[in-house]
Amino acid sequence: MFRWLHPYAKPEKAYQLSMAFQKFFMPIAIIGLLVGCVWGLMFAPTDYQQSDSARIMYIHVPAAIWSMGVYMSMGIAGFCALVWQIRLLEISVLAMAPIGAAFTAIALFTGSLWGKPMWGTWWVWDARLTSELILLFLYLGVFALFQSFDDKRTGAKAACILAVIGMVNVPIIHYSVEWWNTLHQGASITKLDKPSIAPSMLWPLLINIVSVLCLFIAFTCYRFATELLRAESHRKWVLEILGK
Amino acid sequence: MSFSKFFVHSIKRDLQIAAIQKHEFLLPVLFFILVIVLFPITVGPDGKLLARLASAVGWIALILSMLIALPRMFAEDYENGWLEQLFLSGTPHSLIVTSRIISFWLLYCLPLVICSFLLVPFMSMEINLWSVLVQTLLLGSILTACLGAVASALLVSSRKGGGVMALLLIPLLIPALIFAGAAMDAAQQSLPYTAPITILAALAVFSLTIAPLATAQALKLNMG
C-alpha cells in the first residue's frame, strides 16, 4: 500500500520532493495573497456595521484557521513519527512548530487590533481568544522542549510526544474554555456570530485562506529541507547539493 | 512476581525511600505554605477580598509547588539506573509508571491538599467552601500528577529543562482549572456543584488511563 511512499523515506528523495513542493506552492501563495489582500482590502464592500475595520478579517481569519490546522497536522505527523519510527516526520514536526506559532501570534495580534475599535478593548477573556493563547503556549512548549535537549534526535522525539499529547488536549481545552466563557459572561459580549457573509466578501477571504495554506506548505517544505540538510550534513548527497 | 504484588511493593519502596529522606518531600509543602502566605501580604489583610481569592490561591499554590516537586519524580531512579533495570525486567512499563504516579501523589499531592486547610484561617475562607475546594484539589492533583509525570519523564535527561516544565504543564492544566473554578463559583452561590466535579473526575480518570502510556514512551525515549 505504501510502496509508492517508500522512496521518500530516503532523505535525498525527500529533500528533492520538498524543494519541488516549495517551488510549486510559493508562487501560488504569493500571487494568491496579493490578489486576496488587494481585493479584500480595496475592492470588497465595507461591512455595514463595522465599516472598514472589518477588513482585517482577510488576514485574521486565515491565520486563525490555520493556526489550528497546523497544530492538527503537527500532531498527526508526530503520531505517525512515533508509531512508525520515521525520522523524517520528526523533522517535519519541528519544521511546522514555529510556523504554527507565528500564525497563532498573527491571529492574536490582528484580533486584538480588531477588538480595540469593535469591543473597545485590546483583550477580553473570551473563549476563542483564550484557547488561541493556550495554543500559542502549546506551540512554544513543543519548540522549547526540543531546544532543551543536547541530542537532537531525542529532542525531536520528545517534541513529537508532546505534540500528540497536545492534540488530544486541544479539543478538551477548546470546549472547556467555551463552557467557561458562557458560564461567566454569557450575553455581555456579542461574539461575532459567523454572519451569512456576502459572496463579494467571501471570495477574497476564501482566496486568502487557501493561499495561507499554500504559504504554510511552502514554508514547511523549505524549513524541512533546510533541517534535513543540517541533520545529514555529513552525507555525500548534501555535499553534492551544496557544492553545486 | 505477580503484577499486583509488584505494584504494592514498588509503592512501598517509594514510601520507604521518602521516609529516609524526609526533607525531600517536606520542601514542596513548605513552598505551598509560603505561596499561600504571600497572598495576604501582597493583597492586604482585607478579609472579604481574601475570601474571594482563597480558592484561586489554593490552586495556584498547588500548581507552583508541583513545579517544584515534579522534576524529582523520575530523576533519581533514572540516574542510578534503577528505572532502566525495571524497564528491562519485563514488567509492563505502564504499570511501573502508574505505581510511581500513585506514590508521587501520596507523597507530594496529598500533603498539599491537607495543608490547604491553612486557607481557612489565613484567607478567612468558609469551611464548607473549603470542603468543596478539597474535592477539586483531590481530583485536580491526580490530573496534575499524571500530566506532570509525562512532562517530568520527557525532561528527565535534559539538563536545561527546568524552566520548560511550566510551559509543558500549565497549558495542559487549563481545563482542570476551569472546571475547578466553576465548581467553586457554584458553591459560593450555594448552587449544586456536582457537574463540574464529575467532569473533573472524568478528566482525572482519563488522564490516569492515558498518561502512563505516554510517560512510559517518554522514559524509554530518554533511555535511548
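Just so it is clear, none of the values below were taken in a lab; they were calculated from the coordinates. Here the structure is a predicted model, which means the values were calculated and not measured. Note that we place each Cβ from the backbone using ideal geometry, even for glycine, and neighbour counts take in every protein chain shown.
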Report summary line: Largest fluctuation, B:ALA18, B:ALA183, B:ALA69 only, Gaussian network model of chain B with Cα springs under 10 angstrom, belongs to B:ALA18
Report summary line: Here the Kirkwood hydrodynamic radius of the stretch B:3-223, Cα-based and in Å, equals 18.0
Query raised in the report: For labels at B:ALA75 and A:TRP123 in the simple 7 Å Cα→Cβ model, what's the distance in nm?
Result: 3.1
Report task. About the Cα centre of the stretch B:1-143, how large is the charge dipole given +1 on each Lys and Arg Cβ and -1 on each Asp and Glu Cβ? Please answer in debye to the nearest 20. Result -> 240
Requested in this report: Run down the aspartates and glutamates and flag those whose C-alpha is under 18 Å from the C-alpha of B:LYS22, throwing out any fewer than 8 positions away in its chain.
Outcome: B:ASP14, B:GLU76, B:ASP77
Report summary line: Ordering B:97-110, A:144-157 by per-residue average of other C-beta atoms within 10 angstrom, highest first, gives B:97-110, A:144-157
Query raised in the report: What is the helix-to-structure angle for A:11-38, meaning the angle in degrees between its Cα long axis and the longest Cα principal axis of chain A, kept from 0 to 90 and rounded to the nearest 10?
Result: 20
Query raised in the report: Mind checking the angle between helix B:47-69 and chain B's longest principal axis? C-alpha axes, 0 to 90 degrees, to the nearest 10.
Result: 10
Query raised in the report: Just in the stretch B:117-150: which chymotrypsin sites (Phe, Trp or Tyr not before Pro) are loop by DSSP and have at most 14 other Cβ atoms within 10 Å?
Result: none
Report task. Would you look at the GNM of chain A, springs on alpha carbons closer than 10 Å, and say which of A:TRP180, A:TRP114, A:TRP39 moves the most? Result -> A:TRP180
Query raised in the report: So what are the stretch A:1-131's ellipsoid semi-axes, whole angstrom, largest first, if each one is the square root of 5 times an eigenvalue of the alpha-carbon gyration tensor?
Result: 37, 20, 10
Report summary line: Within 10 Å of the Cβ of an average residue in A:167-180, the count of other chain Cβ atoms is 4
**Report entry** Positive dipole terminus of the stretch A:59-187, leading residue within A:GLY166, A:MET68, A:GLN85 (C-beta point charges)
**Finding:** A:GLN85
Query raised in the report: At what distance in angstrom do the alpha carbon centres of the stretch B:144-214 and the stretch A:125-184 lie from each other?
Result: 13
Query raised in the report: Which entries in the list A:LYS13/B:LYS160; A:LYS10/A:LYS152; A:LYS116/B:LYS48; A:LYS23/A:LYS116 go over 28 Å, if you measure between the two C-alpha atoms of each?
Result: A:LYS13/B:LYS160; A:LYS116/B:LYS48; A:LYS23/A:LYS116
Query raised in the report: Taking the Cα-to-Cβ direction at A:GLU240 and at B:VAL43 and moving 7 Å from each Cα, how far apart do the two end points lie in nm?
Result: 6.8
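For the peptides B:165-174, B:25-34, B:148-157, what is the packing order when you average, over each peptide's residues, the other Cβ atoms within 10 Å and list the highest mean first?
Ranking, from highest mean packing down: B:148-157, B:165-174, B:25-34.
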Report task. Starting from the Cα of A:MET72, step 7 Å along the direction of its Cβ; do the same at A:ARG153; then give the gap between the two resulting points in nm. Result -> 3.3
Query raised in the report: How well do other chains shield peptide A:139-146, expressed as the mean number of their Cβ atoms within 10 Å of each residue Cβ?
Result: 4
Report summary line: To the nearest 0.05, the calculated FRET efficiency linking A:ARG230 and A:VAL168 through their beta-carbon distance, R0 being 35 Å, is 0.70
Query raised in the report: Counting partner chain Cβ atoms within 10 Å of every residue's Cβ in B:206-217, what's the average?
Result: 2
Report summary line: Cα-based Rg and Dmax for the protein assembly as shown, in Å, come out at 25.0, 76
Requested in this report: Round to a whole angstrom and tell me the spacing of the C-alpha centers of the stretch A:200-242 and the stretch B:1-35.
Outcome: 49
Query - Most fluctuating residue given options B:ILE17, B:ILE199, B:ILE142, as computed from a GNM of chain B linking Cα atoms under 10 Å - result: B:ILE17
**Report entry** Crossing angle, helix A:87-119 versus chain A [Cα axis fit, 0-90 degrees, rounded to tens]
**Finding:** 10
Report task. For the stretch B:31-115, state what percent of all Cα-Cα pairs lands in each successive 10 Å bin, counting from 0 Å until the bin that includes the largest distance. Result -> 15, 36, 23, 15, 9, 2
Query raised in the report: Ranking A:TYR222, A:TYR175 by Cβ neighbours within 10 Å, fewest first, what do you get?
Result: A:TYR175, A:TYR222
